[in-house]
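Undergrad: Could you have a look at this structure, given as structure tokens, before my questions?
The values are calculated or read from the model by the stated rules, or taken from the named source; none is laboratory data. Bear in mind the structure is a predicted one, so any value in this text is a computation, not a measurement. Here Cβ is always computed from backbone atoms with ideal geometry, including for glycine, and neighbour counts include all displayed protein chains. Areas reflect the complete protein model, heavy atoms only, side chains present, ligands, DNA and RNA absent. Shrake-Rupley method; radii C 1.70, N 1.55, O 1.52, S 1.80 Å.
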Amino acid sequence: MNITLYPLGAYTSGYCLPFTIELDGIDQEEYGQAINKGLFEAHYKKGDGNVLSSRCLECDHVVIGSVEKVCPECGCLYIEVKATDEEWIVCDYEGVPAALVGEYDLSSDFFAYSDCLENTRLDAEVINAGLAAGFDLLCIEEMYIGEYDSDIAFAEQWAEDTGSINESLGWPYDCIDWDRAARDLMHNYTEHKHHYFSLR
Ligand SMILES: [Zn+2]
């Protein structure tokens, strides 16, 4: 997963200075620091940028909108100061569900999502399907049933798994209106991209 951002002031003055942040395995603080570095490293006309920002020459830690005398991270006294933007806008993203990206930044839920991906037994695809189907992140694992080709395939498997009927019987299995059985069953379930979830 990654996201590409533009410094906003530069963008509105006609300079496209995108920087891309890899999102796999980073926490919120690391993400914030990656944005600060992106804003600091965006090179454009000297004197542009609406705030003065600081970069530590020892450890690279960046503070946006503040002139630091000492690096808050490592205590180093050698600080580079320059004018930078303090705001940004989203340019593009890959692998992040659309529901978790706004116009200006990742949604604050993104890090809960990324935590969930690391701790769940389910694939990212299933978590994404659950989000798209409107489930809360914390409910998806509990509500997930499985992957089926169609509502009918789901209904047939469900009938068999719950002991209602056995396909090997032939009769009356073959006589059942599976279309209708599936429609009835789907009152209590929902589907997104072939992933099925319980609604209760
Ligand atoms: Zn430092």
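Undergrad: How big is the charge dipole of the chain about its Cα centre, in debye rounded to the nearest 20, if each Lys and Arg gets +1 on its Cβ and each Asp and Glu gets -1 on its Cβ? Don't skip to the answer; put the middle values down first.
TA: Details: 11 positive and 39 negative charges, 195 e Å.
In total the dipole reaches around 940 debye.
Undergrad: How much length is gained on full extension from Ala153 to Ser66, taking 0.36 nm per residue of separation minus their Cα-Cα distance? Write down the numbers at each step before the final one.
TA: Values: separation 87, 0.36 × 87 = 31.32 nm, distance 6.04 nm.
Full extension from Ala153 to Ser66 adds 25.3 nm.
Undergrad: Enumerate lysine pairs in the chain that are 8 or more residues apart or on different chains, then count those whose Cα atoms are under 20 Å apart. Walk me through the numbers on the way to the answer.
TA: Working: Lys37/Lys45; Lys37/Lys46; Lys37/Lys69; Lys37/Lys82; Lys45/Lys82; Lys46/Lys82; Lys69/Lys82.
Qualifying lysine pairs in the chain: 7.
Undergrad: Another question, then. Label the range 2-119 by shape, choosing from rounded, prolate and oblate, from the square roots a ≥ b ≥ c of the eigenvalues of the Cα gyration tensor; if a/c is under 1.5 it is rounded, and otherwise prolate applies when a/b is larger than b/c, oblate when it is not. The partial results should precede the final answer.
TA: Working: a/c = 2.73, a/b = 1.35, b/c = 2.02.
Oblate, because a/c is 1.5 or more while a/b does not exceed b/c.
Undergrad: Build a GNM of the chain with springs between Cα atoms under 10 Å: which of Tyr173, Tyr189, Tyr113 gets the top mean-square fluctuation?
TA: Checking each option, the largest mean-square fluctuation is seen for Tyr173.
Undergrad: Solvent-accessible area per residue for the range 2-119 at a 1.4 Å probe radius, Å²?
TA: Numbers: 6620 Å² over 118 residues.
For the range 2-119, the solvent-accessible area averages 56 Å² per residue.
Undergrad: Given R₀ = 35 Å, FRET efficiency for Cys59-Leu122 by Cβ-Cβ distance, to 0.05? Kindly include the intermediate steps, with their values, before the conclusion.
TA: Working: r = 38 Å, r/R0 = 1.08.
It comes to 0.40.
Undergrad: Hey, another quick one. Alpha carbon centre of the range 128-178 versus the range 12-39: separation in Å?
TA: 42
Undergrad: What is the gain in length, in nm to one decimal, between Tyr15 and Glu30 on full extension, counting 0.36 nm per residue of separation less the C-alpha to C-alpha distance? Intermediate values should be presented prior to the final figure.
TA: Values: separation 15, 0.36 × 15 = 5.40 nm, distance 2.58 nm.
So the chain would gain 2.8 nm between Tyr15 and Glu30.
Undergrad: So, one more: Extension gain Asn188-Val101, at 0.36 nm per residue separation less the Cα-Cα distance, in nm?
TA: So the chain would gain 28.3 nm between Asn188 and Val101.
Undergrad: With contacts defined as alpha carbon pairs under 8 Å and 6 or more residues apart, what's the relative contact order of the chain in percent? It would help to have the intermediate numbers written out before the result.
TA: On the way: 298 pairs, mean separation 33.2, N = 200.
Once divided by the residue count of the chain, the mean separation gives 17 percent.
Undergrad: Which peptide among 21-27, 192-198, 160-166 comes first, and what is the full order, when sorted by highest mean count of other Cβ atoms within 10 Å?
TA: Sorting 21-27, 192-198, 160-166 by mean packing, highest first, produces 192-198, 21-27, 160-166.
Undergrad: For the chain, what % of the accessible area comes from carbon and sulfur atoms, probe 1.4 Å? Don't skip to the answer; put the middle values down first.
TA: Details: 5520 of 11780 Å².
So the carbon and sulfur contribution to the accessible surface is 47 percent.
Undergrad: Which ³J(HN,Hα) values, rounded to whole Hz and listed in residue order, are derived for the range 120-128 from phi using the Karplus coefficients 6.51, -1.76 and 1.60 in 6.51 cos²θ - 1.76 cosθ + 1.60 with θ = phi - 60°, glycine and proline given as x?
TA: 8, 7, 8, 6, 4, 4, 6, 4, 5
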